[in-house]
Amino acid sequence: MQHEISRAIWTAHTEQDTVALARQLAAWARPGALLALDGDLGAGKTRFSQAFAEAIGVKGIVNSPTFTIIKEYEGESLPFYHMDVYRLTPDEADELGLDDYFYGGGATIVEWASLIRELLPDERLELYIEHLGGESRRIALTGIGATYAGWCDALKKIGADE
Ligand SMILES: Nc1ncnc2c1ncn2[C@@H]1O[C@H](COP(=O)(O)OP(=O)(O)O)[C@@H](O)[C@H]1O
Ligand SMILES: [Mg+2]
């Protein structure tokens with residue numbers, strides 16, 4: 001099956017610009033939302049996730065789930081599932097039952113998502129964060145499926161580039 005695809009580039013000159021993107025996406029997120037993050041260590045995947053969590057009303061501290069792989073939070077508008085799959089082995093992936101999260105009642109962010117691309121649902125928002133020095137980041141978004149393609153199109157109306 002072919003999925004609709006749309007792309008957008010979000011340029012963050014400051015950390016606050018990354019926060020602004022996360023907040024906007026959080027406002028659109030519904031149960032089953034999937035944001036697949038990639039980018040080198042220190043790019044800002046966890047910082048983005050923290051801003052997203054805060055925006056959906058998660059109270060308390062959102063840390064990098066590097067060692068726990070997955071953490072669940074209760075948000076005000078919906079649950080938040082935060083994954084870091086950098087160290088995930090195929091056996092662990094089976095045990096975790098990732099689909100229960102992806103198709104569950106919350107929004108999911110996966111850090112290092114491309115490492116488990118074949119386990120991800122087809123429809124998702126991919127974000128690739130590139131560190132440009134200082135606080136500058138280039139965030140390349142690919143929306144796969146009508147919902148996420150629509151998010152990219154909407155971002156282009158509020159300042160994202162083609
Ligand atoms: N524009 C920006 N977007 C995201 N993080 C930024 C930005 N500018 C500076 N930072 C800082 O860069 C670091 C990113 O770290 P982190 O989010 O843990 O990266 P990752 O999870 O990709 O390894 C944080 O210390 C954050 O405060
Ligand atoms: Mg991280």
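With respect to the stated conditions, Thr46 fails to be out of contact with any Gly (no Cβ under 8 Å at 6 or more places or on another chain) and part of a loop (DSSP other than H, G, I, E, B).
Thr14 meets the conditions (1) of a type outside the set (A, V, I, L, M, F, W, C); (2) over 16 Å from Pro121 (Cβ atoms); (3) open to solvent by 60 Å² or more (accessible area, probe 1.4 Å) in every case but one. The failed one is (3). Filtering segment 87-103 to residues that are surrounded by 15 or more Cβ atoms within 10 Å (Cβ to Cβ) and at pLDDT 95 or above leaves Leu98, Tyr101, Phe102. Only one of the numbered conditions (1) in contact (Cβ under 8 Å) with a residue 40 or more places away in the chain; (2) away from ligand 2 (no atom under 16 Å from the Cβ) is not met by Gly134, and that is (1). In segment 57-68 there is no residue matching the filter, namely being touching a residue at least 24 places away in the same chain (Cβ under 8 Å), over 15 Å from Leu125 (Cβ atoms) and of a type in the set (A, V, I, L, M). Residues in segment 1-11 that are part of a loop (DSSP other than H, G, I, E, B) and either open to solvent by less than 60 Å² (accessible area, probe 1.4 Å) or without any contact (Cβ under 8 Å) to a residue 24 or more places away in the chain (or both): 2 in all.
The values are calculated or read from the model by the stated rules, or taken from the named source; none is laboratory data. Given the structure is predicted, the values throughout are model-derived calculations rather than measurements. As a convention, Cβ positions derive from the backbone with ideal geometry for all residues, glycine included, and neighbour counts pool all protein chains shown. To get the accessible areas, we keep the full protein, side chains included, count just its heavy atoms, and leave off ligands, DNA and RNA. Shrake-Rupley method; radii C 1.70, N 1.55, O 1.52, S 1.80 Å.
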